[in-house]
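Note sheet for the following structure.
The values are calculated or read from the model by the stated rules, or taken from the named source; none is laboratory data. Not measured: the values here are computed from a predicted model. Note that each Cβ is placed from the backbone with ideal geometry, even for glycine, and that neighbours are counted across all protein chains shown. The area values use the complete protein model at the heavy-atom level, side chains included, leaving out ligands, DNA and RNA. Shrake-Rupley method; radii C 1.70, N 1.55, O 1.52, S 1.80 Å.
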Amino acid sequence: MTNDIHEPKIHSVFATAGHVDHGKSSLIKALSGIDPDRLPIEKKRGITVDLGFAGLQLTHPSTPQRVELGIVDVPGHKDYVANMASGLSGIKFALVVIAANEGWMPQTTEHLEILHFLGIHRILIALTKTELVKNEESLRRVTESIKEKLLPFGVRGAPILPCSAKTLQGIAPLRECLANFAVAIGPSEDIGEALLEIDRVFLLKGLGSVVTGTLQRGSLEEGMAVKVQPGANAYRIRSLQSQGLAIKAAIPGQRVAINLNSIGSSENSLERGQTITLSNKLQSCRQFDAILVSRPGGRREHESILTHGNKAKLHLHASKTNVRVFLHPTAPMRPGEQRIVHIECESPVTPLIGQYFILRNWSETRTLAGGQIMEIDTTRTTFRRPSHQAFLQTLMAVDISPESYLHARLLSQPSVKKGDLPLFLNDGDDQTALAIQNLIHQGLLIQRADWLISKSNWQRWMDKAKNIIESFHRQHPEKRGINILTLIEQFRDEAETDDFTSSLSDWLSDEGYAVNKGVVASPQFKPALPEPLREAGEQIKQRLSVKPLDPASLASAELSKAQVSALRYLIENDEVRHLADNVYLMSWAYRRLQKMVIKHLEETGSATVSQLRLRLNTSRRIIIPLLEAFDREGLTERVDDQRRLFR
């Protein structure tokens, strides 16, 4: 029998949610034939303690579309909510299980809160244990009650399907509804490089480490080298499985089991909450900024309050760590309030911009708040800066995406390097490139090489540079232009990095400015001696032109102030060549001597200083620095006491 795992189909993953003993695991077994309770303690106690897994192959009821569903069964007991939260990484929708004989219960509320905080709004309700309900009226009343209690979570029109894992009544319609959900959501986009968050790690005899998780984007293939963060440990994929079948490659939306072979790293370094990717682009950090929403108040008004510097437990995808939460403003956070926060983690995490998380209290007895990451690898000092707060406030008011993030960044800081942009949840390099192009098209962004600059800042910088350069030309018309380092110094207060200021000369060159030998000039500028120096300049040129191949020395002490300034101008504009102290040549004379040396050495092969001095009809005062200049330029080379053309 052939393995048809590679035939076109929609891959999706859902998780269960709901109060303890409402029949989640029994329902999964009835749907898939797989008992997700795998631990001895679960068999003994009759409740789910850790994550369980199953799979389901379906066909859409009205189309030939085939659907492969991965299932994550989560514990419902209040003591294991932390495990429940770790099972929601990468899922597309949730199957909330509510027992018809008991209705809505405390963990139903907390699980819905967690789903809401994690941005999981596609909800399907399974009304289980219908065999225990006396009549249709009772079933109708509990259904209406559920609809009402779903409203605070923004869930409207969610299908509510009565069913019984015991009698199997309603199981077939539930399967159809699951297939409908998966098809309506559609296949996962294959964007960016592979990203899988590990939710289970175990050892198999003879194989070694196996990890499981939902492949959220990209693809993984047998034999591929991967990175595991935090830790940046390298592994190679020995084999892949999905739904119990061996596969050569995994695609987005699949539940995958991966047998990993370490490459110079410890097998024991693998653990739940780590992230598998292909490169080091995904970096771990210990601090990030986020928008946070505290849970609504309950029976106790203070139950979800957060104070500045509070300790809490962070649940980010499948990972959990201790954190401290710093608020802005610093006043205590009330129930149902939204606030910008800075979070410092005890252990490294691998956050993505736009990723959702939850905070639970230190003892893990209740969920305090949920949030979405806005910036990563920040510091408390950065968090307090007005410009950074303006960026976070701008981003808080919109849906977080590569485009909104970049726009907000450029409103609060003048420039961003493309290579420094962080990774985004559910967005790859193509989406970031599209965001850049959209902002350019809207006239909000200028791109110069790897630099992304707001249009307004770019115009302001170019105007500032133009004014500085033109002012310098007016004050020093005899100079070729302003030294680039002097110009860059005028931008130090605005520049974020030395890398930025070093790019300024390239940008000015792109705008048509003349940039040559560390000097910048306006496009049409031609240096000229000002009126008071013109006569001095003519005097210098006349003195050097009387005997152009052996001119008289020009000692600074013998020159007037005007002549010194004029001489500097003539050198900068390549009319005069400075060979040594007090030794100067007109540039046209220097070039004539150069041609004469080349011709003589081509004829003779080599010559001494004395031979060349006689051939050029010049003095030893001129010939020695002249030949040294030719050596530096690579025209000639010295071999013992001879000069020859450089080979």
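Please verify whether L127 is outside any loop (DSSP other than H, G, I, E, B), among the aliphatic types (A, V, I, L, M), open to solvent by less than 20 Å² (accessible area, probe 1.4 Å) and touching a strand residue (DSSP E or B) at 6+ places or on another chain (Cβ under 8 Å), treating the condition exactly as stated. It is true that L127 is outside any loop (DSSP other than H, G, I, E, B), among the aliphatic types (A, V, I, L, M), open to solvent by less than 20 Å² (accessible area, probe 1.4 Å) and touching a strand residue (DSSP E or B) at 6+ places or on another chain (Cβ under 8 Å).
Just the residues that are open to solvent by less than 50 Å² (accessible area, probe 1.4 Å), assigned to a strand (DSSP E or B) and over 20 Å from L195 (Cβ atoms), please, taken from the range 326-346. F326, L327, M333, R339, I340, V341, H342, I343, E344, listed by residue number. Does A397 qualify as being among the small types (G, A, S) and either closer than 21 Å to Q283 by Cα or open to solvent by less than 30 Å² (accessible area, probe 1.4 Å) (or both)? No, not satisfied. Residues of the range 404-420 include none that is part of a loop (DSSP other than H, G, I, E, B), of a type in the set (A, V, I, L, M) and open to solvent by 30 Å² or more (accessible area, probe 1.4 Å).
Scanning the range 142-170 for residues being in a helix (DSSP H, G or I), surrounded by 12 or more Cβ atoms within 10 Å (Cβ to Cβ) and either of a type in the set (D, E) or without any contact (Cβ under 8 Å) to a residue 40 or more places away in the chain (or both) gives a total of 3. Within the range 79-92, residues that are closer than 17 Å to Q254 by Cβ reach partners that are in a helix (DSSP H, G or I) with beta carbons closer than 7 Å, at six or more positions or on different chains, in the pairs K92/I185. Is it fair to say Y584 is part of a strand (DSSP E or B) and either open to solvent by 10 Å² or more (accessible area, probe 1.4 Å) or of a type outside the set (F, W, Y) (or both)? In short, yes.
On the basis of being surrounded by 12 or more Cβ atoms within 10 Å (Cβ to Cβ), touching a residue at least 60 places away in the same chain (Cβ under 8 Å) and of a type outside the set (A, V, I, L, M, F, W, C), does P173 make the cut? Explain how you work it out, then say what you get.
Numbers: surrounded by 12 or more Cβ atoms within 10 Å (Cβ to Cβ): yes; touching a residue at least 60 places away in the same chain (Cβ under 8 Å): no; of a type outside the set (A, V, I, L, M, F, W, C): yes.
Criteria not met by P173.
With the condition kept exactly as written, say whether any residue in the range 566-578 is over 60 Å from the mean Cα position of the chain (by Cα) and touching a residue at least 60 places away in the same chain (Cβ under 8 Å). Among the residues of the range 566-578, not one is over 60 Å from the mean Cα position of the chain (by Cα) and touching a residue at least 60 places away in the same chain (Cβ under 8 Å), which makes the answer no.
Test T486 against the criterion of being within 27 Å of E531 (Cα to Cα) and either modelled with pLDDT of 90 or more or in a helix (DSSP H, G or I) (or both), and give yes or no. Spelling it out, T486 is indeed within 27 Å of E531 (Cα to Cα) and either modelled with pLDDT of 90 or more or in a helix (DSSP H, G or I) (or both).
Scanning the range 369-387 for residues that are of a type in the set (S, T, Y) and without any contact (Cβ under 8 Å) to a residue 12 or more places away in the chain yields T381, T382.
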